[in-house]
Each structure stands twice: as structure tokens, then as C-alpha cells.
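What follows is calculated from the coordinates using simple rules that are stated; it is not laboratory data. Because the structure is predicted, anything quoted here is derived from the model rather than measured. Counting neighbours? That spans all protein chains shown, and the Cβs are built from the backbone with ideal geometry, glycine included.
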Amino acid sequence: MSVTIWHNPRCSKSRAALAALQERGLSPSVRLYLKDPPPRAEIEDVLNMLGVPAAQMMRTKDAAFKDAGLTTNDDDATLIAAMAANSALIERPIVIANGKAAIGRPTEVIFDIL
């Protein structure tokens, strides 16, 4: 099974998700999405796998969200463009497997897609 995690090693939730996957014997592909930002099309693909509005894939409480002049009422196209321009706006961690994706908050939800 191919598993990918969009990971930020400075984030405790992201570290916990990676450790949980490894404890299950999985060796996920680790995407350091802050250093290797996903392009708009990939963000759209993952958003479709998540099956949620774009705002739910974002760190809406971070200062960067408000500094960018964004609100949770903005349309998905606007929010997706913002994530493509600044990957720090993307919620973490995101685990992708089996054509599905899950945001690991709480960590246990990542196992729903495995």
C-alpha cells in the first residue's frame, strides 16, 4: 500500500501521525510540504479526496490566514489559490492512501483510510 504524509516535522500532531504510521509497520512517503509545496492541481486532488470545503484543509486560526485577508467564507477557488501561494496555510498532517485523504486531527482518523 502506498501511503504519503504531508508532514511538518515542527508540528507535534504531524510527528504523532508519522510515528503512528511507522508503528503500524508502514513506511510512508514523507512530503515536507513547506519545502516542496504542492501545486494547485495537487491541492485540488487532495481536497477532492478529503471531501471537505477548502477552508477545512486550512490553518484558519493562524495569523498567516488573517494576514492574507482570507476568511472561511471565501470561495474554494480563492482558498486553493492561497494554499498554492503559501503552503504554510495547509492544515497538517494530511495522509493520503487508497485514493483517499485524511487530516490527522485527531491522529486516529488517519487509520480510517488505510
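Considering every alpha-carbon pair of the chain, the percent of pairs per 10 Å bin, from zero through the bin containing the longest distance, is 15, 49, 30, 5, 0.
7 Å from Cα along Cα→Cβ at both Arg24 and Lys100: what's the point-to-point distance in nm? Placing both labels 7 Å along Cα→Cβ, they lie 1.0 nm apart. Multiply the residue separation of Glu42 and Asp67 by 0.36 nm, subtract the distance between their alpha-carbon atoms, and state the gained length in nm to one decimal. Fully extending the segment from Glu42 to Asp67 adds 6.6 nm.
Between Thr60 and Arg15, what length comes free when the chain is fully extended (0.36 nm per residue of separation minus the Cα-Cα distance, one decimal in nm)?
Working: separation 45, 0.36 × 45 = 16.20 nm, distance 2.05 nm.
Extra length available between Thr60 and Arg15 comes to 14.2 nm.
Can you put Ser2, Ser14 in order, fewest other beta carbons within 10 Å first?
Lowest count first: Ser2, Ser14.
Exposure proxy shown here: for Val95, Val46, the number of other Cβ atoms within 10 Å sets the order, fewest to most, as Val46, Val95. For trypsin sites (Lys or Arg not before Pro), the sites in region 19-114 that DSSP calls loop and that have at most 13 other Cβ atoms within 10 Å are Arg24, Lys35, Lys61. In region 3-113, the DSSP beta bridges split such that about 75 percent are antiparallel, to the nearest 5.
Is it possible to state the helix-based mean residue ellipticity at 222 nm for the chain, with each DSSP H run of 4+ residues giving -39500 (n - 2.57), the sum divided by total residues, to the nearest 500 deg cm²/dmol? What is it?
Numbers: 4 runs with 38 residues, N = 114.
Calculated at 222 nm, the ellipticity per residue is -9500 deg cm²/dmol.
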